[in-house]
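Worksheet for the structure shown next.
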Amino acid sequence: MTDRLRTARTLLRRWHDDDLRPFAEMNADPEVMEFFPATLAPVESAAMVERIEQGFETNGFGLWALEVDGRLAGFTGLNRTTFDTPMGPHVEIGWRLARWAWGHGYATEAAGEVLRDGFERVGLTDIYSFTTVTNVRSRAVMERLGLQRRPEHDFDHPRTPGWWGQRHVVYHLAVGDWRARHA
């Protein structure tokens, strides 16, 4: 398993203890967490990092700490979904960035490298992504990456009953389509 990925402007790496504070600050920001049911307390952010690191050990992939110019910008990576969805068991690609990192193309750049790693090194055949219906910024990243909208898989997130953003839209990319785009 590799412990880092690089792009022209970003470093995707395993998590360090000194990431916990800026990650907690990011997860406490209501604008960053607009499309999640709630912000996270520092202890919840630390527990998330622990789960992420366990995922790397279990799966050989995970949600990488995303670094830009030596500063933690958030995360981008792959994750096995642990709840029931219309897609069945699958791997999703996701990202979350601090506000200072928005609008610079870092999510698209880093996620493009994560897709390459997922298809080439990990050997995945399909990668999904999903978000709330109104999260147009994340949906735009999905589309720039070449993921295709799959409305037949849209679902109400089972861990957010009663939340305004419970309905999620689904995007998908198959390895063959990814290869065709990168031939």
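The values are calculated or read from the model by the stated rules, or taken from the named source; none is laboratory data. Please read all numbers here as calculations on a predicted model, not as lab measurements. Cβ: placed from backbone, ideal geometry, glycine included. Neighbour counts: every protein chain shown. Surface areas here come from the heavy atoms of the whole protein model, side chains and all, with no ligands, DNA or RNA. Shrake-Rupley method; radii C 1.70, N 1.55, O 1.52, S 1.80 Å.
As a calculated quantity, the FRET efficiency between Asp69 and Glu152 at R0 = 30 Å, using C-beta atoms, amounts to about 0.15.
The distance from the alpha carbon centre of the stretch 5-47 to that of the stretch 129-175 is 20 Å, rounded to a whole number. For His168, the amide hydrogen comes within under 5 Å of the amide hydrogens of Phe155, Asp156, His157, counting only partners 5 or more places away or on other chains and with H modelled in the peptide plane.
Comparing Ala41, Ala101, Ala111 in a Gaussian network model of the chain, where Cα atoms under 10 Å apart are tied by springs, the biggest mean-square fluctuation is seen for Ala41.
Fully extending the segment from Arg51 to Arg167 would add 39.3 nm, taking 0.36 nm per residue of separation and subtracting the current Cα-Cα distance. When the P(r) is computed for the stretch 14-109, the part past 18 Å accounts for 48% of the Cα-Cα pairs. With the cut-off at 14 Å, report for the stretch 79-149 the share of all Cα pairs above it, as a whole percent. Here the long-distance tail beyond 14 Å is 61 percent of all Cα pairs in the stretch 79-149.
Estimated purely from DSSP H runs of n ≥ 4, each contributing -39500 (n - 2.57), the mean residue ellipticity at 222 nm for the chain is -9000 deg cm²/dmol once divided by its residues.
Of the DSSP H helices in the chain, those with a Cα length along their own long axis of 24 Å or more and a mean Kyte-Doolittle hydropathy reaching -1.0 comprise 42-59. What you get for the stretch 1-116, charging only the Cβ of Lys and Arg (+1) and of Asp and Glu (-1), is a dipole of about 360 debye around the Cα centre. Relative to the current alpha-carbon distance between Thr82 and Ala38, full extension at 0.36 nm per residue lengthens the span by 13.9 nm. Remark: relative contact order (the stretch 88-183) = 30 percent; criterion is Cα-Cα distance under 8 angstrom and separation of 6 or more residues. Averaging the sequence gap over all C-alpha pairs within less than 8 Å and six or more residues apart, then dividing by the number of residues, gives the chain a relative contact order of 19 percent. Computed over protein heavy atoms with a 1.4 angstrom probe, the accessible surface ordering of His153, His16, largest first, is His16, His153. Subtracting the Cα-Cα distance of Ala140 and Val122 from 0.36 nm times their residue separation leaves 4.0 nm of extension gain.
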